[in-house]
Amino acid sequence: RARKPHSEEYAREPMVSLLAQLASDFRSFAPDLVAEPRVSLFRIYRDTRFSNDKTPLKTHIGAHFPSRRFAKGAGAGLYVEIAPNWVWAGGGSYMPSAAELRVIRSSIATGHRRLHRIVTAPAFARAVGTLDGSQLSRVPRGYASDHPAAQYLKHKQFIAGREYPADF
């Protein structure tokens, strides 16, 4: 509580300004993305219930930009995180539901060549690096272990992003 005014002035207010600018920018190239503080901005308080680290506050501020087309928590989106030593920007599908994951994997199984071209393109590597996220150790049930898209079918998350220096 003693640091709340400091947090408001140096973290939340600048992030709200960034969200306002992004909301304006998104209209021209991504009108479906939401950039509103009450939707996009993450809390500064950490969830310490299941953590050994009981530090109550985060050391970064983050915001996500979901699509208006999907229900809350569904679909892919973008994310930005600002900390004293870095800025991370990226996106993807962080925690797709089981139903979403089935649809994603079905799409990958039939359109894996296009996905492979996208994630191995030099422009993708320059912009966001590689496709990351947690994965299964084996190809999921229902797909052959030697499926041409096995490496992508194992994914449970589909995330790509890039870290920038703090002065970014």
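Some observations on this one:
- Screening Val39 on (1) part of a loop (DSSP other than H, G, I, E, B); (2) among the hydrophobic types (A, V, I, L, M, F, W, C); (3) out of contact with any helix residue (DSSP H, G or I) (no Cβ under 7 Å at 6 or more places or on another chain); (4) surrounded by 10 or more Cβ atoms within 10 Å (Cβ to Cβ) shows it passes everything except condition (1).
- Within the stretch 19-33, residues that are within 18 Å of Phe70 (Cβ to Cβ) and assigned to a helix (DSSP H, G or I) have Cβ atoms under 8 Å from residues that are open to solvent by less than 60 Å² (accessible area, probe 1.4 Å) and aromatic (Phe, Trp, Tyr) in these pairs: Phe26/Phe65, counting only partners at least 6 apart in sequence or on another chain.
- Candidate set from the stretch 126-151 (those that are modelled with pLDDT of 95 or more and not in a loop (DSSP other than H, G, I, E, B)); member that is least open to solvent (accessible area, probe 1.4 Å): Ala150
- Residue within the stretch 9-23 that is within 21 Å of Lys72 (Cβ to Cβ), under 17 Å from the mean Cα position of the chain (by Cα) and surrounded by fewer than 14 Cβ atoms within 10 Å (Cβ to Cβ) present: no
- Residue in the stretch 95-107 that is open to solvent by less than 30 Å² (accessible area, probe 1.4 Å), touching a residue at least 60 places away in the same chain (Cβ under 8 Å) and closer than 18 Å to Gly75 by Cα present: yes
- Thr55 vs. criteria open to solvent by 50 Å² or more (accessible area, probe 1.4 Å), within 14 Å of Tyr10 (Cα to Cα), part of a loop (DSSP other than H, G, I, E, B) and not basic (Lys, Arg): no
The values are calculated or read from the model by the stated rules, or taken from the named source; none is laboratory data. If you're wondering where the values come from, they're calculated on a predicted model, not measured in any experiment. Note that each Cβ is placed from the backbone with ideal geometry, even for glycine, and that neighbours are counted across all protein chains shown. Ligands, DNA and RNA are stripped out before the accessible areas are found, and what is left, the full protein with its side chains, is counted by its heavy atoms. Shrake-Rupley method; radii C 1.70, N 1.55, O 1.52, S 1.80 Å.
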